[in-house]
Amino acid sequence: MDVHVTNSTVRGSTRAPPSKSYTHRALLAAGYSDGAIVESPLVSADTKATARAVTAFGGAVAPESADAIDDADALVVDGFDGRPSVPDDVIDCANSGTTMRLVTAAAALADGTTVLTGDGSLRSRPQGPLLDALSDLGVRAESTRGNGQAPLVITGPLAGGEVSIPGDVSSQYVTALVMAGAVTDDGIDIELTTELKSAPYVDITLELLDEFGIEATPVGADGEALDGAAGAEGFRVSGGQSYAPEGGGYTVPGDFSSISYLVAAGAVAAQEDEVVRIEGAKPSAQGDAAIVDVVERMGADIEWDRDAGVITVARSELSGIEVDVGDTPDLLPTIATLGAVADGDTRIVNCEHVRYKETDRVSAMAEELEAMGAQTTEEPDTLTIHGDESDLRGATVDGRADHRIVMSLAVAALVAEGTTTIRGGEHVDVSFPNFFDAMADLGMAVERDDASE
């Protein structure tokens, strides 16, 4: 679907969608239980893939029909109680890397063979370190093409044990092993061989596991317990635990990755003397809440009432800054867009791992913003946007079949001269299905060409 966004201003109130990261974990945690209700879930293409996996392992997610689940305020999960069945068919993870990695470890618990695959993009993403870790734990874990990429063949059962894994490729490997380790017989002790990046995403996992009654502990160099994942050199999770949320349910918080686009839109395009007001911004373990600090450092007029969960932001004169996205990779596209509007240079550093998402987001943002008139310098671990040399104008750009690229380019289009056409606009369904509706309600001049689907 092509989306056409014309230079326009925004104002008014909107609500953040539920967190995709929490919804994935909550659905699988409910699957590991003997049953739980997931309240306020994000129902998107990616989270539906996780729901299908829970069903494939012998659980069930209601409502079952595609139409009903799209409008569900809660999902009732009949879990497989820590012992997934061998699926009757291949598990298709579609474009969801989170599903692929978390479900790969769950598949290792089954007493038999599971095959996992996905679309072309997902089949190009690295899974090798997780496969190696499972193999070291006694599981047959293979890439059918021998390149560490899906399709994957996993044959269990996994009993637990000690394992080493790098921390700088994907924090989802750690999340996958910790979640599965809690229901093994022996538990799992994880040693990190490299520094953990995206640590806040592991904190999300630890926070959610605690809500489900699971104890998992980050540890330092001397084996001492730490308060959070930052600086951890490993993780300990005892086996024989049971997933059981208090009261039988779990409520998903608002998503700060999605909030970042709303914040950025307000900062660059709010109507004069007006603000964009974002509800559903309650504090949680999400590292992407750092977007509030980022835009504030750039000079934005922004306020966050943490008790009420409300952010207000006004259009502001922004200045370039340096931002380390080692722990917040999903913010890179948003920050790159802000940099194209700001005065001076915006340097996004420690970003090499952002190249291994749905697409190489570093190159994607550099190339697509340049198509709109921005000037950028791309290095392996750094992206610099030269705001003083950038003059955004309407162009035809490619969303790269990546929800975060599409939404960031839509924000850039708000301030670009003329009209910008974004190809692949339907991919916002991955994390923010009603993004363009929400933006239109705020005042974005947007048209969608459904005939191009």
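Structure summary
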quantity	calculated
The range 20-240 - charge dipole about Cα centre, Lys and Arg +1 at Cβ, Asp and Glu -1, debye rounded to 20	760
Only Lys, Arg (+1) and Asp, Glu (-1) charged, at Cβ; the chain dipole about Cα centre in debye	720
Sequence of Asp360, Asp441 once ranked by neighbouring C-beta atoms within 10 Å, starting from the fewest	Asp441, Asp360
Options Leu130, Ser408, Gly344, ranked by Cα towards positive dipole end of the chain, top entry (Cβ charges)	Leu130
Net charge, Glu303 excluded, C-beta distance under 11 Å - Lys, Arg +1, Asp, Glu -1	-1
Residue order, fewest to most surrounding Cβ atoms within 10 angstrom, among Arg52, Arg306	Arg306, Arg52
Rounded tilt (10° steps) of 97-107 against the dominant C-alpha axis of the chain	10
Debye log10 I(q)/I(0) for the chain, one point scatterer per Cα, at q = 0.13 Å⁻¹	-1.15
Helix axis angle, 45-56 relative to the chain longest principal axis, alpha carbon, degrees	10
Glu64-Glu367 pseudo-label distance in nm [points 7 Å out on the Cα-to-Cβ vector]	4.3
Charge dipole (the range 20-240, unit charges on Cβ, about Cα centre) - positive-most of Ile165, Gly148, Ser85	Gly148
Using alpha carbons only: equivalent-ellipsoid semi-axes of the range 20-240, gyration tensor based, whole Å	25, 20, 16
The range 237-372: relative contact order in percent, alpha carbon pairs under 8 Å with at least 6 residues between	20
Residues whose placed amide H lies under 5 Å from that of Leu109, excluding near-sequence neighbours	Leu158
Coil-residue trypsin sites (Lys or Arg not before Pro) of the range 95-198, DSSP, other Cβ within 10 Å capped at 12	Arg145
Potential extension, Ala230-Asp449 segment - 0.36 nm per residue separation minus Cα distance	74.4 nm
Amide H within-cut-off set for Ala270, under 5 Å, with H built and near neighbours excluded	Val10, Arg315
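Only the coordinates and a few stated rules stand behind these numbers; no lab work does. Every value quoted in this text rests on a predicted model; they were computed, and no experiment measured them. Ideal geometry is used to build each Cβ from the backbone, glycine not excepted, and the neighbour counts take in all protein chains shown.
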